[in-house]
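Colleague: Let me give you the structure first, and then I'll get to my questions.
The values are calculated or read from the model by the stated rules, or taken from the named source; none is laboratory data. Bear in mind that the values here come from a model prediction, so they are computed numbers and not experimental data. With ideal geometry, Cβ positions are generated from the backbone for all residues, glycine too; neighbour counts draw on all protein chains shown. Surface accessibility is based on the protein's heavy atoms, side chains included, excluding ligands, DNA and RNA. Shrake-Rupley method; radii C 1.70, N 1.55, O 1.52, S 1.80 Å.
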Amino acid sequence: MADRTAEPPPGTPGGWEVVTIGECLVALVATELGPLAEVATFGRYVAGAEANVAVGLARLGHRSAFIGRVGADGFGTAIVRALRGAGVGVEWLSVDAGGPTGLLFRERRALGPAEVAYARMGSAGSRLGPEDVEAAAAAGAFDRARWLHLTGITPALSAACRAAVEQAVDHARQRSITISLDLNLRRKLWSEEEARPALAGLAARCDVVLGDPDEAAIVTGLGESSGRRVPSSRSDLLDALLALGPTLAVLKLGAAGATARARDGEAVTRPGLAVAPVDPVGAGDAFCAGFIAARLQAADLARALDVGNACGAAAVATIGDQAGLLDSVELGRLLAGSQRDTIR
Ligand code: KDG
């Protein structure tokens, strides 16, 4: 991994190695444990899957840029400042007075899944369209890029967002830029029936598809039998993802680590790191950041899964999506298996 000094200075223009596109949100995360119906105090964080990946990559010394829109409000300003401060390229993150910055509210629970409530319908972020991608492309966003990262969230936001994602894929394919898609199925944004064909079609145009077993089963249609859901083996899911068209499929298994299979037959499974999660959200994005960073540095599949797993574990050990994203020094310590509980 690159060392800390390799991080780009905030605001350095141009020459982006990784481009991401999507909606960056403000997340209001409960400061106490309990259901949304009861908690009354929230901390403010910057979130959004693609932006999380962009920040994770910047922490690891890679030059990443984010294409999107925020509202002309204080939350939008907070997002621009946070991403710029993290070293992410924000010249194609525009301010759009036509809608507010999207928000999400998240409870934290010691038991059971934590609920998210979105307030993003009609948001500035959902007004992103192909014209944003064209403007970025015309300004050179893809000229030195080696990787484009997408998630299944953006196409769920609006027809214009879907078209923007397709436009970004067109630009990347014309330039032989590697494209990754994290399926990130969000059932509060669209139904499984809507998501399946849209994400399967997008996966067919990508090089790397990542997801958890549930998402993979929905998008591939595997596991559905006469309307009943039947669990599929991980091996079947990887094969079904590859059959959609990418050259590499990765299943994120949470605490159990990750497993991947390439079209050429290479298959690797790596264990996760033991961690007591304080906020489980953001692990998948951190995994993607670590995985992409490792691949950009020509790491083999096993090493890329190890880096992704370490980044994912660190993300759930902090509150909010981005605080736990590792820099390369912290990553090195985790991968070295340091048993020390204090550094002094
Ligand atoms: O992966 C974390 C994201 O889910 C979170 O930051 C919010 O992007 C988000 C979404 O749309 O759910």
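Colleague: Could you identify the single residue in Ala164, Ala141 that is of a type outside the set (Val, Ile, Thr) and away from the ligand (no atom under 16 Å from the Cβ)?
Modeller: Criteria check complete, one pass: Ala141.
Colleague: Please work out which one of (1) of a type in the set (A, V, I, L, M); (2) more than 17 Å from Asp182 (Cβ to Cβ); (3) near the ligand (Cβ under 9 Å from one of its atoms) is the condition Val39 fails and give its number.
Modeller: (3)
Colleague: Moving on. Please go through the range 183-211 and pick out each residue that is within 14 Å of the ligand (Cβ to nearest atom) and closer than 12 Å to Leu248 by Cα.
Modeller: Within the range 183-211, Leu210, Gly211 meet the criteria.
Colleague: If you don't mind, another one. Please work out which one of (1) open to solvent by 40 Å² or more (accessible area, probe 1.4 Å); (2) touching a strand residue (DSSP E or B) at 6+ places or on another chain (Cβ under 9 Å); (3) more than 16 Å from Ala58 (Cα to Cα); (4) away from the ligand (no atom under 16 Å from the Cβ) is the condition Leu273 fails and give its number.
Modeller: (2)
Colleague: Answer yes if at least one residue in the range 300-315 is out of contact with any helix residue (DSSP H, G or I) (no Cβ under 7 Å at 6 or more places or on another chain) and not in a helix (DSSP H, G or I), and no otherwise.
Modeller: yes
Okay, residues lined up against (1) open to solvent by 60 Å² or more (accessible area, probe 1.4 Å); (2) among the small types (Gly, Ala, Ser):
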| site | (1), (2) |
| --- | --- |
| Ala293 | no, yes |
| Gln297 | yes, no |
| Asp300 | yes, no |
| Ala314 | no, yes |
| Asp321 | no, no |
| Gly332 | no, yes |
| Gly337 | no, yes |
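Colleague: What residue, of Ser64, Ser94, is among the polar types (S, T, N, Q), under 23 Å from Cys288 (Cβ atoms) and either open to solvent by 50 Å² or more (accessible area, probe 1.4 Å) or modelled with pLDDT of 95 or more (or both)?
Modeller: Result of the check over Ser64, Ser94: Ser64.
Colleague: Still on this model: Output yes when any residue across the range 275-287 is acidic (Asp, Glu) and under 22 Å from Gln322 (Cβ atoms), and no when none is.
Modeller: yes
Colleague: When both residues are 6+ apart or on different chains and their Cβ atoms are under 7 Å apart, which pairs have a first residue that lies in the range 19-39 and is touching a residue at least 60 places away in the same chain (Cβ under 8 Å) and over 19 Å from Ala78 (Cβ atoms), and a second that is among the polar types (S, T, N, Q) and surrounded by fewer than 14 Cβ atoms within 10 Å (Cβ to Cβ)?
Modeller: If the second residue must be among the polar types (S, T, N, Q) and surrounded by fewer than 14 Cβ atoms within 10 Å (Cβ to Cβ), the pairs left are Glu32/Thr41.
Colleague: Out of the residues in the range 254-270 that are in a strand (DSSP E or B) and open to solvent by 60 Å² or more (accessible area, probe 1.4 Å), state the one that is nearest to the ligand (Cβ to nearest atom).
Modeller: Within the range 254-270, the match that is nearest to the ligand (Cβ to nearest atom) is Arg270.
Colleague: Going through the range 1-56 one residue at a time, which ones are surrounded by fewer than 16 Cβ atoms within 10 Å (Cβ to Cβ), at pLDDT below 95, charged (D, E, K, R) and assigned to a loop (DSSP other than H, G, I, E, B)?
Modeller: Hit for the range 1-56 is Asp3, nothing else.
Colleague: Still on this structure, I have one more. Among the residues of the range 110-132 satisfying the criterion of being touching a strand residue (DSSP E or B) at 6+ places or on another chain (Cβ under 6 Å) and farther than 21 Å from Gln167 by Cβ, which is farthest from the ligand (Cβ to nearest atom)?
Modeller: It comes out as Ala110.
Colleague: Return a yes/no flag: does the range 329-344 have any residue that is assigned to a loop (DSSP other than H, G, I, E, B) and either within 16 Å of the ligand (Cβ to nearest atom) or under 20 Å from Glu17 (Cβ atoms) (or both).
Modeller: No.
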